[in-house]
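FYI, it's all coordinate maths here, none of it is from the lab. Please read all numbers here as calculations on a predicted model, not as lab measurements. A quick note on method: Cβ atoms are made from the backbone with ideal geometry, for glycine too, and the neighbour counts reach across all protein chains shown.
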Amino acid sequence: MQFWIIQGLNSLSLGGLLFLLSSGFSLIFGLMRLANLTHGAFFMLGTYFGATTLRAYSGLNIWVTALGAGLAVAAIGGLFERLVLTRLKTNPLGQVLVTLGMSFIISDACLVLWGGDSIPVPTPQSLQAPTRLMGFVFPTYRLVLVGCAVVAAIALYFLIERTRLGAMIRAGVDDRQMARAVGIPVSRLFTIVFCLGAGIAGAGGVLGGPILSAYPGLDGDMLPLALIVVILGGIGSLLGAFVGSFIIGFIYTFGTALFPELAYIILFLPMIVVIAFRPQGLFGRAGA
Amino acid sequence: MKWIAAILLAALLITLPFFAGDFYINLASQILIAAIFALSLNLLVGYGGMTSLGHASYLGVAAYISALLTSRYGWGHGAAALFSIAGTIVMAAFFGIIALRATGLGFLMITLALSQVLWGLAYRMSNLTNGDNGIAGLTRPMPFGISLDSAASFYWFDLIVASFAFLMMTIFVSSSFGSSLRGVRDQPRRMAALGFNPWMIRWITFIYAGFWGGIAGLLYVYYNKYIHPTSLSTTSSAEALLGVIAGGSGTPGGPVVGAALVLLLKNYASAYIERWNMLLGLVFLFIVLAMPTGIVPGLSKLWRRGSR
Amino acid sequence: MTAPASDHALEVIGLKKSFGGLAVTQNVSLAIRPGERRLIIGPNGAGKTTLFNQISGDMRPNSGQIKLFGADVTSFAPYQRAHLGLSRTYQIITLFSGDTLEHNVTLGLLGLRPSRWQMWRPLSVYGDLATEARRTLDAVGLLHLADHPISDIAYGEKRRVELAMALAQKPRVLLLDEPLAGLSDTERSTVKSLIGSISRETAVIMIEHDMDTALDLAESVTLLNYGRVIVDGDRDSVISDERTREVYLGV
């Protein structure tokens, strides 16, 4: 019984992390029609940043670190978007290729800066004591991660559905030409969304540190998961990213625990099923 | 003019082992393998308009099947090669059905996800694939009893296969099927209205490209006598894609030039610079920003301007 | 004067299509006889091109049937309908702009032939295709441009190439979506006489706004508005019908 509870919680916390990772990806794809292959690297940058600062300053608040990392990665993303991506407006394939190139650059830079060994990230002291609930003992941090994802989901929901910025984003997703025609600064919106997506990934990276550790190749492990979540949940759908993240979180965790060698195939099956029967994903719109 | 250049090139290629040292012969063998792989990818990218980031899957699967059958189960090379290619074709057919549910970026993402899954399998199923250690100590086939262990003999074997591959793929592109493929790339709705079945055309091309990718994979594993999950990785697919795009997709010679450049860069750069991945990334950025149509079209434009 | 159902070249029965809350095709029924010349008119947004898209298979109706020579093609893909003798042109030019005129027409000819699957021999070995393509171009007066890329020729000439491609397959039903749009006066009369000379083996259904020119070519007319058939019948009675005037003049 303990096994199922622990794995269940691990699934939820992984799902939460995946949401922090893939919500940005889904937003960027939905608005900019760009498959941002740098996204895993943005996440990893956050994890490494968190690893260094949290190990150096043991009293540092993880939330502040996450915010800081988020802003730093958002800035890097913004520079990249302004300097490189905007020049490739007419070359969508080229845009994808440069994000791939950028991911190579970032991951190699991380290798140079932090070396090839895996760096464990300490769980914040205030959250180290386990929680007792219904007679079971849970690692507190994992519970908190789930809470983070929910908070992020609610915040993003409010941003997209209830603010002017969100309305502009939704207009841009629906019909870019029309949005431009009614005066929405689409190009500035792209930069904002790209920064937002990168920033969430970076912050998510910090928060994922205690669970995943920072290691070379983290970007390569996370990116396909983000892809699968978005393919499953539907492009441009926040709800899809949320639901998809938890589905994948469960499948990956239980799959790796029960059939470690076949975990990848088990991950891949729901994606195939969804693609076969509903290519736009569970919540996406047709023709996205 | 073109004919003279072609004959000179052929003569150069055939006689290379007579005047070059083993290092250069081996380099040439590697370039030929990379060229076949790049040409097969170009069928998809340049002529089919389907950009795939998972093409290394076919190279890797063929290589692994051959490696496993010969080293672990004692199969002969002929049977192993047939089985490897058959396996690669089946996998390409299966992956194609999934990936072709989407086009454009969706297709790209699915090919990427599928090939990452395959890589993950190669990495994790250590009982089968030896995981991160790879499979070493492999042998080269002996067609008609001739040993391919020397640099020169392997090179000539490689050259024969590469010439055949180049010929077949060139005919493919100029055939009626190839013309219909380009038509589907450019105007899929119009092609459907004319009676062509766009999905079937794309799917068959996908399988054919996978087939030649598998051939490249066999040559790869024969040459290296070793296979490792890295050859299935996204980096491997990305290097091939870079070669195709840098050289010029949609031209017959472009991918070959591009593949050669990427290989040379990788070989020389790794001697002087440790950061191959970073260099690769920067080269990607440079090529896409500065030379989006590729080197070969860029150069031929300059040539035409110069000869006026 | 009702002919037995299978005598019709094209039948559209109770076609309905909506996008979300917007009904773009409302219970449209048409019956086209072999060799007939039908003109479809209606104001912008009446749903004419949407109707064509459903007939050609580019769009699926929500309900209703489409029959080609008695065969139910409602669930058939566009390429399958092409093999049953349907051909169409588009409002926007959809030619292969990097290729020569001859190559464009050759592709048009190849679509229905088994040799389109051939991968092991260059296309150039099919001499009969080239001859046929050049003959088709000659029939529309463009043989002298056969080796030019599409991007080099004028808009009116592109329209003629499109028509040539559509006719090359000797279709039994031809859908022409605004074939005269954007043409100069001389180009217009050239295209008009081309359409007029189409063989009677082909039923021609045309969407056009330029009624002065198009009416001469039509035997029967269908008026659409808001996705509904308002009037349907032979040309002269539709023209003089009150409802036609209402739709166009709002009287």
Checklist outcome for this item: Placing +1 on each Lys and Arg Cβ and -1 on each Asp and Glu Cβ in chain C, then taking the dipole about the Cα centre, the residue among C:S63, C:A181, C:A168 whose Cα reaches farthest towards the positive end is C:S63
Checklist entry - Between rounded, prolate and oblate, where does the protein assembly as shown land on the alpha carbon gyration tensor, with a ≥ b ≥ c its root eigenvalues, rounded for a/c under 1.5, else prolate if a/b exceeds b/c? => result oblate
Item to check | Above-threshold pairs, the threshold being 20 Å between Cα atoms, out of A:K89/B:K301; C:K17/C:K158; C:K158/C:K192; C:K16/C:K48 | outcome: A:K89/B:K301; C:K17/C:K158
Checklist outcome for this item: Expressed in nanometres to one decimal, the distance between label points 7 Å along Cα→Cβ at A:I5 and A:I154 is 2.6
Checklist entry - If amide H atoms are built 1.01 Å from N in the plane of the peptide, which residues on other chains or at least 5 residues away come under 5 Å of the amide H of C:L142? => result none
Next on the checklist: Taking the Cα of C:Q91, stepping 7 Å toward and past its beta carbon, and measuring to each backbone N in segment C:45-80: which are under 17 Å?
Outcome noted: C:45-60
Next on the checklist: Is there a quick way to get the dipole size of segment C:36-94? I mean about its Cα centre, with the Cβ of Lys and Arg at +1 and of Asp and Glu at -1; what is the value in debye to the nearest 20?
Outcome noted: 100
Next on the checklist: Could you tell me what a quarter of the Cα convex hull surface of chain B works out to, in nm² with one decimal place?
Outcome noted: 17.6
Checklist entry - Toward the positive end of the charge dipole of segment A:161-223, about the Cα centre and with charges on Cβ (Lys, Arg +1; Asp, Glu -1), which of A:L212, A:C195, A:A179 goes farthest? => result A:A179
Checklist outcome for this item: HN-Hα couplings for segment B:5-22 via Karplus (6.51, -1.76, 1.60; θ = phi - 60°), in whole Hz with x for Gly/Pro, come out as 4, 5, 5, 4, 4, 4, 4, 4, 5, 5, 8, 3, x, 7, 10, 10, x, 4
Item to check | Averaged over B:117-127, number of beta-carbon atoms from partner chains that fall within 10 Å | outcome: 4
Item to check | Listed residues A:Y157, A:Y141, A:Y252, most fluctuating in chain A (Gaussian network, C-alpha, under 10 Å) | outcome: A:Y157
Checklist outcome for this item: Computed over all unlike Cα pairs, the Kirkwood hydrodynamic radius of chain C in Å stands at 19.0
Checklist entry - Per-residue HN-Hα couplings for segment C:31-42, Karplus 6.51 cos²θ - 1.76 cosθ + 1.60 at θ = phi - 60°, whole Hz, x for Gly and Pro? => result 9, 10, 8, x, x, 5, 10, 10, 10, 10, 10, x
Item to check | Given charges at beta-carbon only (K, R positive; D, E negative), |dipole| of segment C:5-249 in Debye | outcome: 780
Checklist entry - Under the Kirkwood approximation applied to all pairs of distinct alpha-carbon atoms, what is the hydrodynamic radius of segment B:41-157 in Å? => result 15.9
Checklist entry - Using Cα atoms only, what is the angle between the long axis of helix C:185-196 and the major principal axis of chain C, expressed in degrees (0 to 90) to the nearest 10? => result 90
Checklist entry - Which far-off residues, 5 or more places away or on another chain, put their amide H under 5 Å from the one on C:I40, with H placed in the peptide plane? => result C:M206, C:I207, C:E208, C:T222
Next on the checklist: Testing the spin-label approximation: label points 7 Å from Cα along Cα→Cβ at C:D236 and B:L12. State their distance in nm.
Outcome noted: 7.9
Next on the checklist: So, R0 is 56 Å and r is the distance between the beta-carbons of B:A269 and C:A23; what FRET efficiency does that work out to, to 0.05?
Outcome noted: 0.35
Next on the checklist: Among A:A41, A:A153, A:A198, which one shows the highest mean-square fluctuation when chain A is modelled as a Gaussian network with alpha-carbon springs under 10 Å?
Outcome noted: A:A153
Checklist outcome for this item: Any lysines whose Cα falls less than 21 Å from that of B:K266, other than same-chain ones fewer than 8 residues away, would be B:K225
Next on the checklist: If each residue of separation counts as 0.36 nm, what is the full-extension length gain between A:M178 and A:L133 once their alpha-carbon separation is subtracted?
Outcome noted: 11.0 nm
Checklist entry - In peptide A:90-99, what is the residue-averaged number of other protein chain Cβ atoms found within 10 Å of each Cβ? => result 6
Item to check | Residue (of A:M222, A:F43, A:L165) at the positive-pole extreme of chain A, dipole from beta-carbon charges | outcome: A:L165
Checklist outcome for this item: Interchain or sequence-distant (5+) residues whose placed amide H lies within less than 5 Å of the amide H of C:R113 are none
Item to check | Dipole magnitude of chain B, debye to nearest 20 (Cβ charges: Lys/Arg +1, Asp/Glu -1, about Cα centre) | outcome: 920
Item to check | Note, ³J(HN,Hα) from phi for segment C:97-103, Karplus 6.51, -1.76, 1.60, rounded to Hz, x at Gly and Pro | outcome: 5, x, 9, 6, 4, 4, 5
Checklist entry - Which whole number gives the average count of other chain Cβ atoms within 10 Å of the Cβ atoms across peptide C:83-89? => result 2
Checklist entry - Within the protein assembly as shown, what percent of beta bridges assigned by DSSP are antiparallel, to the nearest 5? => result 65
